[in-house]
Amino acid sequence: MVTGGLVSALVVVAFKTFVALHIVVGLVGLVSFWVPIVSKKGGIAHRRWGRVFAISMLAAGSFAIGISVCTLIAPLETHSTFPPPFTDATLVRAIFGWMMLYLAALTINLAWYGWQCVRNRKNHTGNREWRNLAMQLLVFLGACNCIFQAWLLEQPLMMGASIIGFATVGTNLWFLYRTKPRANGWLREHVKATVGAGISVYTAFLALGAVRLVPSLALSPQLWAVPLFSGIALILYHWRQLERGQAIEDVT
């Protein structure tokens, strides 16, 4: 009993540390995300702040893995201040354990993949480095587990979240293994991945805020859809701009 209590106490300390670090780097990501979006593409500000955003997302995802592992070990102890319905160990373990673990891997995947697309823009096969490929496998497995946990709990939000992972892995691999990608393909993928990571950080911000302020909305698909569809609109807008630029270049 004493040993179990000591383990739980240590897990709670680790959990709070990961949460604090996650919040700090997450806030950096919330702010830095917009500089590359609105600044001149390829300019100093775009490149500098894009790098800040990518690093902050990699860090936030890593700390989120720590948070999720602590939750899986001690779900109620780590979330003792959460209001109903987040007082059920099974639900907490599923949402803040398994789903967060999957979403953390997805965030790291998107941030790293988007960064590699830029670094390897002149060497497409360089994108197939082992970390990039390993992240596709981990996200796929995480999405499979997420949809399984959703089936056990009959939780539609988790099912919907898992679809994003399958789509991400599928489109990433499609690009990675293209023998002759289009001229600006790397840039389209960079936009998709970077904005995708932004969707992740804003979803976490809204969802965790809802848990504290309006618990009934925390698992609402409508709430989670706000950053998702806003991000998709940004991706499509920038893709359209790229298409227009390519058309002008072809004419001239």
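Listed values, structure above:
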| read-out | value |
| --- | --- |
| Residues located in the stretch 173-195, provided they are in a helix (DSSP H, G or I) and either at pLDDT below 90 or within 19 Å of TYR237 (Cα to Cα) (or both) | GLY185, TRP186, LEU187, ARG188, GLU189, HIS190, VAL191, LYS192, ALA193, THR194, VAL195 |
| Pair list, Cβ under 7 Å, 6 or more apart: the stretch 72-91 residue closer than 16 Å to GLN155 by Cβ, other residue assigned to a loop (DSSP other than H, G, I, E, B) | PHE86/HIS79; LEU91/PRO85 |
| From GLN149, GLN116, residue being free of Cβ contacts under 8 Å to residues at least 60 places away in the same chain and closer than 18 Å to MET57 by Cα | GLN116 |
| Criterion violated by ARG121 - all others in (1) of a type outside the set (Gly, Ala, Ser); (2) touching a Phe, Trp or Tyr at 6+ places or on another chain (Cβ under 7 Å); (3) loosely packed, with under 15 Cβ neighbours inside 10 Å; (4) part of a loop (DSSP other than H, G, I, E, B) satisfied | (3) |
| In the stretch 152-165, the residues that are out of contact with any Gly (no Cβ under 7 Å at 6 or more places or on another chain), more than 17 Å from GLN222 (Cβ to Cβ) and in contact (Cβ under 8 Å) with a residue 40 or more places away in the chain | LEU152, LEU153, SER162 |
| Filter result for LYS16 (charged (D, E, K, R) and at pLDDT below 90) | no |
| Qualifying positions in the stretch 73-117 - crowded, with 24+ Cβ neighbours inside 10 Å, polar (S, T, N, Q) and more than 16 Å from the chain's Cα centre (by Cα) | THR78 |
| Yes/no for ALA167 being of a type in the set (Gly, Ala, Ser) and either touching a helix residue (DSSP H, G or I) at 6+ places or on another chain (Cβ under 7 Å) or in a loop (DSSP other than H, G, I, E, B) (or both) | no |
| THR107 being in contact (Cβ under 8 Å) with a residue 12 or more places away in the chain, farther than 15 Å from LEU138 by Cα, of a type outside the set (A, V, I, L, M, F, W, C) and touching a helix residue (DSSP H, G or I) at 6+ places or on another chain (Cβ under 7 Å) | no |
| Criterion violated by GLY170 - all others in (1) surrounded by 19 or more Cβ atoms within 10 Å (Cβ to Cβ); (2) at pLDDT 95 or above; (3) of a type in the set (Gly, Ala, Ser) satisfied | (1) |
| Any hit, the stretch 218-237, residues being over 22 Å from LYS122 (Cα atoms), among the hydroxyl-bearing types (Ser, Thr, Tyr), more than 17 Å from the chain's Cα centre (by Cα) and at pLDDT 80 or above | yes |
| Hits in the stretch 1-47 (condition: under 27 Å from THR71 (Cβ atoms), in contact with a Phe, Trp or Tyr (Cβ under 8 Å, 6 or more places away or on another chain) and assigned to a loop (DSSP other than H, G, I, E, B)) | PHE33 |
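The values are calculated or read from the model by the stated rules, or taken from the named source; none is laboratory data. Worth saying up front: this structure is predicted, and the values here are computed from it rather than measured. With ideal geometry, Cβ positions are generated from the backbone for all residues, glycine too; neighbour counts draw on all protein chains shown.
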